[in-house]
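What follows is a single structure, written as structure tokens, with notes after it.
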Amino acid sequence: MKKALIICAGGMSSSVIAKKTTEYFASKGVEIELDATSASQGASTIDKDEFDLYLVSPQTKMYYANLKTAADKKNKPIVNIPPQAYVPIPMGIQKLAAVVEENI
């Protein structure tokens, strides 16, 4: 099972999006699981090296450079989530799933 982590401001909205995207993948028979954490925990979570992909939410893109440095040390991909892929409706979940599949 592949794992991706959404890094967002507080981890609340991203938790909902992570759950819905994981459910979407499961419904398609794809073994990818998403989780979420706050930006304040982002670099330390990346340092634990427990995920295959890191996703930076639109509202925390200003931390991307610092988070990328941490991800590069672990040789893991990190991408900014496009705003249209960061909405908990079916179209947004499908767009986020596509971003994950393209980068994981």
Could you pull out the pairs from 74/95; 19/76; 3/73; 3/28; 3/74 whose alpha carbons sit more than 24 Å apart here? 74/95
Contour excess over end-to-end distance, with Cα ends at residue 12 and residue 61 and 0.36 nm allotted per residue: 16.0 nm
Hey, how many Å between the Cα centroid of segment 66-87 and the Cα centroid of segment 7-27? 15 Å
Between residue 41 and residue 84, the two model label points (7 Å from Cα along the beta-carbon direction) sit apart by a distance in nm of 3.2 nm
From most to least accessible, 1.4 Å probe, no ligand or DNA/RNA atoms counted, 2, 48 line up as 48, 2
In whole percent, how big is the carbon plus sulfur part of the accessible area of segment 5-104, probe 1.4 Å, protein atoms only? 52 percent
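Rounded, prolate or oblate for segment 38-104? Axes are the square roots of the Cα gyration tensor eigenvalues, ordered a ≥ b ≥ c, and the cut-off for rounded is a/c under 1.5. Intermediate values should be presented prior to the final figure.
Details: a/c = 2.27, a/b = 1.61, b/c = 1.41.
Here segment 38-104 falls in the prolate category.
Calculate the dipole size of the chain relative to its Cα centre from +1 charges on Lys and Arg beta carbons and -1 charges on Asp and Glu beta carbons; express the result in debye to the nearest 20. The partial results should precede the final answer.
Numbers: 12 positive and 11 negative charges, 40 e Å.
Dipole magnitude for the chain comes out near 200 debye.
The values are calculated or read from the model by the stated rules, or taken from the named source; none is laboratory data. Given the structure is predicted, the values throughout are model-derived calculations rather than measurements. In this analysis, Cβ positions are derived from the backbone assuming ideal geometry, glycine residues included, and neighbour counts consider all displayed protein chains. Just the protein is used for accessible areas: all its heavy atoms, side chains included, with ligands, DNA and RNA removed. Shrake-Rupley method; radii C 1.70, N 1.55, O 1.52, S 1.80 Å.
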